[in-house]
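For reference, the structure discussed in these notes is given below.
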Amino acid sequence: MTESLLTADGVTKVFGGVVANDNVTVAVPAGAIVGLIGPNGSGKTTLFNSIVGHHPIDAGSIRFAGREISRLRVAEIARLGMVRTFQQTRIYGKMTCVQNMQISVPHAREGLRTMFSRFPAEVTEKAEGLLEFVGLYAKRHLLAGDLSFGQQKLLEFAMALMNEPRLLLLDEPTAGINPTLINGLMDRLKRANAELGVTLFVIEHNMRVIMNLAQHVYCLAHGQLLAEGPPDEIRGDQRVIDAYLGAH
Amino acid sequence: MDNLQILVAAPVFSVQLLIDGILVGAVFALAAYGMALVWGVMNIINIAQGEFVILGGYVTWAVAQAGFHPFLGVPVSFIALFAVGWILYRAVVARVVDRDLFISILATFGISILMQQVMNQVFTADVQTAQSGLGTLFLFEGQVTVAQIKIVAFVFALALGGALVVFMRRSRLGKAIRATAQNARAARILGVDTGRVYAITYSLNAAICGAAGALVVMIWVIQPFIGLAYTVRSFMIVVVAGLGNLAGVVAAGLGLGAAENFAGFILGAEFQTAFIFSLLVVILLGRNLRLRRQRRVLR
Amino acid sequence: MSRTAALYGAVGVAALLAPLVFPAFQTQLAFLWVMVLFALTWDVMGGQMGYNSFGNVFYLGLGMYVTAVVQRDLYFDVEEYAHVAGAVGTLSAGEYLTGLALGLALAGVAAVLAAAVLGSGILGLRGHYFAICTLGLGIAAGEIAGGIDYIGAGSGLVTPVFPDALGRRGMFFYYLFFALAVATFFTLRWLYAGRFGLAINAIRDDEDKAEAMGIHTTRYKTVAWCVSAFFLGIAGGGVGNLVGFIDPTDVAFAGATFGVWMVLMAILGGKGTLWGPVIGAVIFHVTQELFWTYLFGWQRVALGALIIVIVVFFPQGILGWVRQRWPERFGHRVDEEARAPGGGA
């Protein structure tokens with residue numbers, strides 16, 4: 001069996017005595033859509049932060065594309081092709097949507113020459129294409145900060161795609177989005193996965209979304225891995241149900 | 001660097017520098033306590049901190065000029081600066097307290113320049129001091145001399161600091177201030193008038209600085225343009241000690257006083273100011289380097 | 001496009017003719033371009049990148065001293081020069097120009113090197129910490145310079161006498177600063193339009209996000225400071241010669257005047273815009289020259305009050321306000337037209 005695109009092995013993270021992640025092991029195979037669920041405070045975002053290098057981990061190993069990354073910093077990891085979106089959507093508010101997209105190009109091979117260069121026409125073309133993909137083409141010249149929350153969320157997703165990641169970590173992509181738009185977003189996530197070949201690792205609270213989207217689901221509770229398996233199995237797992245209903 | 005050899009040859013000289021530094025350091029700690037208060041409660045770094053100190057000094061100087069004993073200047077400066085702080089809060093700071101940091105830091109920077117220049121116009125750029133009339137203490141068979149006023153100032157500073165701590169812990173208002181520092185929104189929901197808390201916090205800080213300035217004008221000298229050094233000293237002390245760490249503020253204040261004295265002696269008096277500001281840069285960079293290991297930054 | 005060209009043309013012609021039309025005000029006019037340089041270089045950091053620097057005078061003073069030292073050491077004996085405050089004899093036009101050119105070039109290089117070294121450390125700080133650290137940097141530099149005998153210590157350093165053969169001093173420096181300001185403006189215009197500009201804007205809007213997207217934030221920040229320092233360092237070399245006397249704290253590392261003006265002018269005109277700092281500098285300088293003398297020594301008090309008023313009530317500045325009022329004029333509009341076929345991802 002070949003190695004998964006991302007493997008977190010025995011990751012432990014402690015915040016001043018509170019164990020936020022305790023010996024968590026997950027694997028995300030290339031090309032898959034994998035879900036991460038769990039009640040509030042179960043350590044999902046902490047795990048994401050550990051994976052993307054936001055803070056050092058206390059134990060364990062994180063490998064991405066065959067390489068140990070647990071000692072690298074956020075930007076270095078991002079340049080390897082792993083990008084995350086934020087739970088509290090983050091975009092560049094005082095720049096237009098197109099500018100937001102242009103500066104999200106991959107930065108892996110960037111010398112002094114490219115630093116001072118203009119954006120070639122293909123980049124702008126691609127940026128506009130992706131804005132069209134998320135339905136923001138008409139607003140491409142508006143300041144990103146003037147968009148509604150849901151639109152900002154879509155923009156952030158488009159920016160992530162612009163970065164041509166191999167793996168995209170999405171932190172609650174449907175939170176705060178108008179329920180009528182959720183199906184459209186889900187469809188786009190699937191298309192990004194199928195057509196652009198982006199592997200997805202998704203934190204999600206909306207069970208309907210995650211069961212529909214993911215091929216494999218991990219469930220965290222109290223910082224520990226509680227269960228894993230295909231969505232149907234997880235849905236019926238008594239431990240998962242108990243965790244959500246607070247029987248723990 | 002020749003002076004370094006003097007210190008080695010005559011260790012009693014070090015005692016002299018240490019005592020002088022520590023006594024003055026208590027005054028630094030006082031101003032730093034005020035800065036930490038405003039920083040913690042309002043998330044504003046008050047660049048005008050040093051100007052409050054200097055203005056407090058001028059008030060006491062004026063009291064002394066009017067024929068009263070400068071000790072009377074301590075409460076007068078406290079009250080006068082409370083009023084100044086209140087006016088500045090209502091006129092300027094209230095409008096920037098919830099806005100981004102860029103605006104608040106520039107606004108207090110503007111206050112700082114305004115106060116410097118007004119003091120320059122009113123009191124001229126001459127160096128001023130207020131004589132307390134106290135004598136000098138001789139220790140170690142006269143090898144170490146300590147101006148009694150420095151001891152008095154030290155005691156004053158610690159007493160005022162102690163009184164403030166009691167006020168913050170015990171009084172209703174002090175509790176409201178601490179609650180606002182922890183979570184302004186929650187405090188507001190629970191009925192704390194945070195606008196008033198901010199006004200009082202800022203004014204109280206000005207008053208504390210005023211009292212510190214009253215001590216400075218008695219133990220040292222004041223001049224309209226040396227305020228920034230006090231701002232920077234306060235900032236360094238708070239950065240080293242951390243917000244809400246009172247013992248740390250006192251320790252860092254005394255340490256800074258001593259360090260400055262030694263640096264002034266070893267490098268020469270003309271580099272003492274340079275030392276303060278260079279130390280600031282070094283401390284900030286050192287802090288940041290240590291945080292970098294946890295992938296965090298000073299922000 | 002033609003309107004922009006017409007605008008540049010009009011400004012250019014007016015600027016070229018100004019010292020000929022107002023020969024009595026050549027020095028003041030030269031300072032106008034110095035102010036534009038100040039505001040433009042500050043805005044690279046403060047406006048475009050969101051790093052509020054109170055210490056940019058550091059590079060100004062550094063450039064000033066480097067240039068003056070080069071000019072002095074090239075043709076004079078240091079001891080003798082200091083003794084008679086520069087009155088050792090005049091240089092020929094060629095010697096003066098050589099010294100100045102070499103001095104300015106080295107000033108630029110020194111400023112860039114300093115920015116690269118300092119930047120790698122100081123630019124790791126954010127917000128309050130960065131602002132206060134740079135404040136400390138500027139003051140520390142002035143105090144340290146005031147203690148170094150080689151550069152005249154506290155009594156300052158005189159720049160070489162301007163040779164008569166080069167015509168009028170005010171005119172010479174007017175065109176020098178005009179050329180430098182124009183070069184700065186177009187360099188920045190070019191930089192802001194590309195990847196560099198967007199990257200530092202991204203850092204301003206959300207640095208953590210920029211990092212999470214893989215932008216080389218440290219590299220961009222350091223380069224931005226180097227760009228700012230480069231032009232400011234060269235400008236400093238010129239200012240030293242224009243003023244004729246370099247005092248460590250009042251001219252070179254003059255935080256209370258130049259340092260404050262930089263910030264004020266950029267914000268007044270509209271920080272984070274290309275033209276804002278230019279407009280702010282012109283308004284500030286003209287106002288200062290016309291009305292300042294009527295304030296009878298209260299100028300600096302007025303300056304403090306002005307900062308407070310602008311920051312509290314008008315933080316977006318003139319161009320920022322215009323952009324808020326008429327966003328469409330800046331291209332911020334909804335474009336409902338359908339996308340050409342062939343698009344879509």
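Does residue A:75 qualify as being part of a helix (DSSP H, G or I), in contact with a helix residue (DSSP H, G or I) (Cβ under 8 Å, 6 or more places away or on another chain) and either under 19 Å from residue A:172 (Cβ atoms) or at pLDDT 90 or above (or both)? Spelling it out, residue A:75 is indeed part of a helix (DSSP H, G or I), in contact with a helix residue (DSSP H, G or I) (Cβ under 8 Å, 6 or more places away or on another chain) and either under 19 Å from residue A:172 (Cβ atoms) or at pLDDT 90 or above (or both).
Residue-by-condition table, conditions (1) among the polar types (S, T, N, Q); (2) outside any helix (DSSP H, G or I); (3) more than 20 Å from the chain's Cα centre (by Cα); (4) more than 14 Å from chain B (Cβ to nearest Cβ):
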| residue | (1), (2), (3), (4) |
| --- | --- |
| C:110 | no, no, no, yes |
| C:133 | no, no, no, no |
| C:172 | no, no, no, yes |
| C:187 | yes, no, no, yes |
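Is it fair to say residue A:59 is over 24 Å from residue B:297 (Cβ atoms), among the hydrophobic types (A, V, I, L, M, F, W, C), surrounded by fewer than 19 Cβ atoms within 10 Å (Cβ to Cβ) and touching a Leu at 6+ places or on another chain (Cβ under 6 Å)? It is false that residue A:59 is over 24 Å from residue B:297 (Cβ atoms), among the hydrophobic types (A, V, I, L, M, F, W, C), surrounded by fewer than 19 Cβ atoms within 10 Å (Cβ to Cβ) and touching a Leu at 6+ places or on another chain (Cβ under 6 Å). When you look at residue B:247, is it more than 14 Å from chain C (Cβ to nearest Cβ), at pLDDT 90 or above and either under 30 Å from residue A:74 (Cβ atoms) or surrounded by fewer than 19 Cβ atoms within 10 Å (Cβ to Cβ) (or both), yes or no? No; evaluated as a whole, the condition is false for this residue.
Residue A:241 satisfies every condition listed in (1) surrounded by 15 or more Cβ atoms within 10 Å (Cβ to Cβ); (2) over 30 Å from residue A:107 (Cβ atoms); (3) of a type in the set (Val, Ile, Thr) except (1). Within the set A:142, A:154, the sole residue that is modelled with pLDDT of 90 or more, closer than 29 Å to residue A:213 by Cα and either hydrophobic (A, V, I, L, M, F, W, C) or surrounded by fewer than 21 Cβ atoms within 10 Å (Cβ to Cβ) (or both) turns out to be A:154.
Quick one: which helices (runs of 4 or more DSSP H) sit completely within the stretch C:1-90 and have at least 3 residues that are surrounded by fewer than 20 Cβ atoms within 10 Å (Cβ to Cβ)?
Details: elements: C:2-21, C:26-43, C:57-75, C:78-83.
By residue number, C:2-21, C:57-75, C:78-83.
Being over 19 Å from the mean Cα position of the chain (by Cα), at pLDDT 90 or above and crowded, with 22+ Cβ neighbours inside 10 Å, is that true of even one residue in the stretch C:272-283? Even if it seems obvious, please write down each step before you answer.
Residues of the stretch C:272-283 that are over 19 Å from the mean Cα position of the chain (by Cα), as a first pass: none.
No, the stretch C:272-283 contains no residue that is over 19 Å from the mean Cα position of the chain (by Cα), at pLDDT 90 or above and crowded, with 22+ Cβ neighbours inside 10 Å.
Out of all the residues in the stretch A:168-185, which are touching a residue at least 12 places away in the same chain (Cβ under 8 Å) and over 16 Å from residue A:130 (Cα atoms)?
Looking only at the stretch A:168-185, we keep the residues that are touching a residue at least 12 places away in the same chain (Cβ under 8 Å), and these are A:168-178, A:181-182, A:184-185.
Those that are touching a residue at least 12 places away in the same chain (Cβ under 8 Å) and over 16 Å from residue A:130 (Cα atoms): A:169, A:170, A:171, A:172, A:173, A:174, A:175, A:176, A:177, A:178, A:181, A:182.
The single residue among A:81, A:60, A:35, A:93 that is more than 8 Å from chain C (Cβ to nearest Cβ) and more than 20 Å from the chain's Cα centre (by Cα) turns out to be A:60.
Is at least one residue of the stretch A:201-209 aliphatic (A, V, I, L, M), closer than 20 Å to residue A:81 by Cβ, away from chain C (no Cβ under 12 Å) and outside any helix (DSSP H, G or I)? Checked the stretch A:201-209: at least one residue is aliphatic (A, V, I, L, M), closer than 20 Å to residue A:81 by Cβ, away from chain C (no Cβ under 12 Å) and outside any helix (DSSP H, G or I). Residue count for the stretch C:141-158 under the criterion of being away from chain B (no Cβ under 14 Å) and either more than 17 Å from residue C:244 (Cβ to Cβ) or crowded, with 23+ Cβ neighbours inside 10 Å (or both): the result is 2.
So which residues in the stretch B:209-236 are of a type outside the set (Gly, Ala, Ser) and either under 14 Å from residue B:40 (Cβ atoms) or without any contact (Cβ under 8 Å) to a residue 40 or more places away in the chain (or both), if there are any at all? Can you show your working first?
Initial filter on the stretch B:209-236 (of a type outside the set (Gly, Ala, Ser)): B:209, B:215-226, B:228, B:230-233, B:235-236.
Within the stretch B:209-236, just B:235 meets the criteria.
Only one entry of A:122, A:156 meets the criterion of being in contact (Cβ under 8 Å) with a residue 40 or more places away in the chain, out of contact with any Gly (no Cβ under 9 Å at 6 or more places or on another chain), part of a helix (DSSP H, G or I) and of a type in the set (D, E, K, R), and that entry is A:156. Hey, any hits in the stretch A:46-56 for a residue that's touching a residue at least 40 places away in the same chain (Cβ under 8 Å), facing another protein chain (nearest Cβ under 10 Å) and surrounded by 17 or more Cβ atoms within 10 Å (Cβ to Cβ)? Yes - at least one qualifying residue is present in the stretch A:46-56. For first residues located in the stretch C:198-212 and in contact (Cβ under 8 Å) with a residue 40 or more places away in the chain and closer than 17 Å to residue B:102 by Cβ, partners that are among the hydroxyl-bearing types (Ser, Thr, Tyr) and in a helix (DSSP H, G or I) and lie 6+ apart or on another chain with Cβ distances below 9 Å form the pairs C:200/C:192; C:200/C:220; C:201/C:192; C:203/C:217; C:203/C:220; C:207/C:217. Could you grab me the full set of residues in the stretch C:300-317 that are part of a helix (DSSP H, G or I), within 22 Å of residue C:275 (Cα to Cα) and either more than 7 Å from every other protein chain (Cβ to nearest Cβ) or touching a His at 6+ places or on another chain (Cβ under 8 Å) (or both)? If the condition is that a residue be part of a helix (DSSP H, G or I), within 22 Å of residue C:275 (Cα to Cα) and either more than 7 Å from every other protein chain (Cβ to nearest Cβ) or touching a His at 6+ places or on another chain (Cβ under 8 Å) (or both), then C:306, C:309, C:310, C:313, C:317 are the ones that fit. May I ask you to say which residue of A:208, A:113 is of a type outside the set (Ser, Thr, Tyr) and within 30 Å of residue C:194 (Cα to Cα)? Among A:208, A:113, only A:113 is of a type outside the set (Ser, Thr, Tyr) and within 30 Å of residue C:194 (Cα to Cα). Restricting the stretch B:237-263 to residues that are without any contact (Cβ under 8 Å) to a residue 24 or more places away in the chain and part of a helix (DSSP H, G or I) leaves a set whose member that is nearest to residue B:169 (Cα to Cα) is B:247. Every test in (1) over 18 Å from residue C:53 (Cβ atoms); (2) modelled with pLDDT of 95 or more; (3) facing chain A (nearest Cβ under 9 Å) is passed by residue C:194 save one, and that test is (2). Please list, ordered by first then second residue, the pairs with beta carbon atoms under 9 Å, 6 or more apart or interchain, first in the stretch C:214-232 and under 15 Å from residue C:43 (Cα atoms), second of a type in the set (Asp, Glu). If the second residue must be of a type in the set (Asp, Glu), the pairs left are C:221/C:207; C:228/C:43.
Within the stretch A:117-131, can one find any residue that is facing chain C (nearest Cβ under 10 Å), closer than 20 Å to residue A:89 by Cα and buried (at least 20 other Cβ atoms within 10 Å of the Cβ)? Yes, because at least one residue in the stretch A:117-131 is facing chain C (nearest Cβ under 10 Å), closer than 20 Å to residue A:89 by Cα and buried (at least 20 other Cβ atoms within 10 Å of the Cβ).
For the stretch C:284-299, the condition holds for at least one residue, the condition being that it is within 14 Å of chain B (Cβ to nearest Cβ), modelled with pLDDT under 90, closer than 14 Å to residue C:31 by Cβ and surrounded by fewer than 24 Cβ atoms within 10 Å (Cβ to Cβ).
So, residue B:93, is that one more than 20 Å from residue C:255 (Cβ to Cβ), buried (at least 22 other Cβ atoms within 10 Å of the Cβ) and more than 7 Å from chain C (Cβ to nearest Cβ) or not? Yes.
Within the stretch C:148-170, being of a type outside the set (Lys, Arg) and either in a helix (DSSP H, G or I) or without any contact (Cβ under 8 Å) to a residue 60 or more places away in the chain (or both) holds for C:148, C:149, C:150, C:151, C:153, C:154, C:155, C:164, C:165, C:166, C:167, C:170. For the stretch B:99-110, residues that are out of contact with any helix residue (DSSP H, G or I) (no Cβ under 6 Å at 6 or more places or on another chain) and part of a helix (DSSP H, G or I) total 3.
The values are calculated or read from the model by the stated rules, or taken from the named source; none is laboratory data. The structure presented is a predicted model; accordingly, all values stated were derived computationally and were not measured. We place every Cβ from the backbone using ideal geometry, glycine too, and count neighbours over all the protein chains shown.
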